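Structure record follows, encoded as structure tokens.
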Amino acid sequence: MADPSSYRPKPGQIPDSPGVYRFRDEHRRVIYVGKAKSLRQRLANYFQDVASLHPRTATMVTTAASVEWTVVSTEVEALQLEYSWIKEYDPRFNVKYRDDKSYPSLAVTMNEEYPRVQVMRGPKKKGVRYFGPYGHAWAIRETVDLMLRVFPVRTCSAGVFKRSAQIGRPCLLGYIGKCSAPCVGRVTPEEHRELAEDFCDFMAGRTGTYLSRLEQRMHEAAEEMEYEKAARLRDDIGALRRAMEKNAVVLADATDADLIAVAEDELEAAVQIFHVRGGRVRGQRGWVTDKVEAVDTAGLVEHALQQLYGEEKGEAVPKEVLVPALPEDTPALSQWLAERRGAQVSLRIPQRGDKKSLMETVHRNAQQSLALHKTKRASDLTTRSRALEEIAEALELDSAPLRIECFDISHLQGDDVVASMVVFEDGLARKSEYRRFQIKSFEGQDDVRSMHEVVSRRFRRYLQEKLKTGEWSPEEGEDALAEDALAEGALAEDDGRPKRFAYPPQLVVVDGGQPQVAAAKRALEELGVDDVAVCGLAKRLEEVWLPGEDDPVVLPRTSEGLYLLQRVRDEAHRFAIQYQRSKRGKRLKSGPLDEVPGLGESRKQALLKHFGSVKKLRQATIDQICEVPGIGRKTAETLAAALAGAVPAGPAVNTATGEIIEDETPAHAGTSFERGTGQ
């Protein structure tokens with residue numbers, strides 16, 4: 001790898017003006033293209049101490065062997081030149097979106113004498129009107145089938161058209177009225193082109209006027225007692241309305257906008273775009289990319305805009321582009337979009353109303369797209385095998401870790417501290433083996449101490465299982481350890497779960513850095529477990545930490561092993577948060593009746609319905625409690641004793657208004673009220 005100082009330009013050589021720069025490797029291949037308002041300031045950022053750079057940036061500058069630049073007059077010119085060079089050189093360190101599928105569009109070939117309606121994929125051609133893209137080709141064909149009844153435009157190929165003209169007979173669509181049959185001269189080229197233009201106008205969203213005209217003609221035909229014509233027009237209107245229903249109305253009729261949303265993690269990002277024309281969603285598309293450069297959401301949006309509109313002109317660029325974050329060079333991007341459209345383009349973040357709601361929908365689609373991409377990637381057997389081999393090589397394990405267990409700690413400001421354990425076998429999640437833990441040995445927030453406790457408890461269960469089967473015999477000095485294992489196993493025996501801990505992992509992964517890794521390793525050493533490897537995955541830079549090492553293991557960005565470790569860590573984090581939220585929710589909703597043994601939900605509801613509030617229930621006699629259906633005398637006595645011994649809660653408070661509710665508050669105040677502490 002090259003030392004960046006070896007090719008650093010001399011002070012004063014770099015101009016302080018807008019421009020585009022290129023990093024080249026030792027073979028003169030362009031590996032990165034960027035733009036800047038000030039080339040001098042931007043390039044100076046790359047020639048700092050390598051250790052202080054983002055890992056991806058550090059990899060790029062150490063791979064490069066030279067840098068060159070081109071000065072331009074404005075930021076818009078820099079944007080255009082950057083896009084051109086990225087398309088030309090395809091640099092390995094630039095973010096490049098790739099379609100997660102080839103999206104089809106509805107195309108009308110207005111450049112032909114007899115325009116044809118068809119499904120098209122791939123690059124756009126000059127003189128062809130495009131609508132979409134759509135998620136599926138069958139959706140286009142269904143729409144076209146409905147509209148051909150009203151707009152009988154040609155849909156046949158050049159070969160079919162030529163043969164019909166030679167034999168003087170139209171194809172089947174001509175006979176059933178779904179083609180105006182220009183091949184046999186039923187309409188002139190001008191009349192057929194007018195039909196195609198009406199078709200395009202309707203697809204572009206100008207539907208109201210055309211439907212009104214058809215309805216007027218239908219009423220006129222009915223008044224003149226031309227009932228067959230009126231019925232035909234009625235059916236045409238119905239067909240057009242069904243075609244319109246396939247594209248949901250989401251915004252005002254005059255709205256033309258593209259909505260762009262981004263879902264990302266440390267390694268990859270997914271972009272989803274909804275195309276809204278005439279207030280309706282006319283198309284949708286999506287991309288997935290590797291984050292090969294240090295880029296935030298705004299940077300991803302900028303790259304998406306370049307790729308989306310780099311080859312577009314005119315109405316293909318909408319009046320409005322809604323994004324989740326504004327790029328750094330928003331004025332330059334807006335001007336660039338306006339030049340491509342030939343009119344003003346609004347680039348902004350939606351703040352409220354229908355547009356913000358639709359943006360949330362687009363973001364959910366982006367999240368699902370990223371999750372689906374990861375699922376497809378993880379399900380491939382070859383990929384999983386390579387990931388396990390890369391982990392074994394990076395961590396210097398004797399064999400691939402076929403069973404990986406990952407631990408994570410979750411709490412809310414030190415309350416309701418819980419932990420999760422997730423299991424991956426052969427690179428796939430084994431959800432039946434997942435476990436949840438409550439931290440028991442102390443109160444408060446201490447992730448390191450919590451991690452030590454959880455790992456200790458898990459492997460005590462493992463030792464207890466080995467002790468029961470005779471696979472482990474305590475040696476001298478391990479009597480106390482055996483007693484602890486048996487005690488832990490006895491606690492677990494009640495729920496029938498010890499057998500779940502009988503299988504040891506080859507690798508323990510903890511969510512965190514050096515402190516958490518050291519705590520997990522210490523727990524294993526205290527138990528005498530020396531055949532299980534430990535590592536930690538830190539979120540900030542996705543570094544892999546090993547016990548006793550001062551420097552992390554940095555796996556390549558494209559490593560399948562890193563991807564698998566990240567999936568394991570994220571799953572443990574999700575499972576821990578889910579449990580913590582559930583536990584916190586139960587605690588907030590608990591009331592005095594929850595402490596009464598043997599009192600189920602149905603009988604609690606019956607008591608509250610009968611008495612109206614816990615206050616009145618507390619004042620009731622045993623005989624009065626026995627009047628409630630399903631409550632016997634023994635249960636009534638237990639209930640009365642429990643309520644008499646309970647400390648009355650403080651006044652109920654309506655959290656929305658701040659009002660103190662003195663009386664008649666049910667035991668379960670739900671989410672609308674919270675009880676005071678009485679202190």
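For the reader, a short list of remarks on this structure follows.
- Residue check for GLU389: surrounded by fewer than 14 Cβ atoms within 10 Å (Cβ to Cβ), assigned to a helix (DSSP H, G or I) and at pLDDT 85 or above: no
- Index of the failed condition, SER379 passing every other in (1) surrounded by fewer than 20 Cβ atoms within 10 Å (Cβ to Cβ); (2) of a type in the set (Ser, Thr, Tyr); (3) modelled with pLDDT of 80 or more: (3)
- Positions within the range 296-317 being assigned to a loop (DSSP other than H, G, I, E, B) and in contact with a helix residue (DSSP H, G or I) (Cβ under 8 Å, 6 or more places away or on another chain), in sequence order: GLY310, GLU312, LYS313, VAL317
- The residue of the range 326-349 that is surrounded by the most Cβ atoms within 10 Å (Cβ to Cβ), among those that are without any contact (Cβ under 8 Å) to a residue 40 or more places away in the chain and assigned to a loop (DSSP other than H, G, I, E, B), is PRO327.
- Enumeration of residues in the range 535-572 that are more than 19 Å from PHE424 (Cα to Cα) and open to solvent by 60 Å² or more (accessible area, probe 1.4 Å): LYS539, ARG540, GLY548, GLU549, ASP550, ASP551, VAL554, PRO556, ARG557, THR558
- Filtering the range 304-320 for residues that are closer than 19 Å to TYR130 by Cβ, open to solvent by 20 Å² or more (accessible area, probe 1.4 Å) and of a type in the set (A, V, I, L, M, F, W, C) leaves a non-empty set.
- Selected residue (only one of TYR83, TYR46 is open to solvent by less than 40 Å² (accessible area, probe 1.4 Å) and at pLDDT below 85): TYR83
- Number of residues in the range 265-297 that are of a type in the set (Val, Ile, Thr) and either open to solvent by less than 10 Å² (accessible area, probe 1.4 Å) or touching a Gly at 6+ places or on another chain (Cβ under 9 Å) (or both): the value is 5.
- Failed item in (1) at pLDDT 85 or above; (2) open to solvent by 40 Å² or more (accessible area, probe 1.4 Å), with LEU300 passing the rest: (2)
- Taking the range 150-205 as the range and being more than 47 Å from the chain's Cα centre (by Cα), closer than 25 Å to PHE131 by Cβ and of a type in the set (Val, Ile, Thr) as the test, only VAL187 passes.
- Only one entry of CYS179, CYS183, CYS200 meets the criterion of being in contact with a strand residue (DSSP E or B) (Cβ under 9 Å, 6 or more places away or on another chain) and farther than 30 Å from HIS275 by Cα, and that entry is CYS183.
- Of the residues making up the range 1-20, those that are crowded, with 21+ Cβ neighbours inside 10 Å, out of contact with any Leu (no Cβ under 6 Å at 6 or more places or on another chain) and farther than 10 Å from THR62 by Cα number 1.
- Residue list for the range 88-146, restricted to those being surrounded by 18 or more Cβ atoms within 10 Å (Cβ to Cβ), at pLDDT below 70 and of a type in the set (Gly, Ala, Ser): GLY132
The values are calculated or read from the model by the stated rules, or taken from the named source; none is laboratory data. Since the model is a prediction, treat every value here as computed from it, not as a measurement. So basically every Cβ, Gly included, is an ideal-geometry build from the backbone, and we count neighbours across all protein chains shown. These area figures cover heavy atoms from the full protein model, side chains too; ligands, DNA and RNA do not enter into them. Shrake-Rupley method; radii C 1.70, N 1.55, O 1.52, S 1.80 Å.
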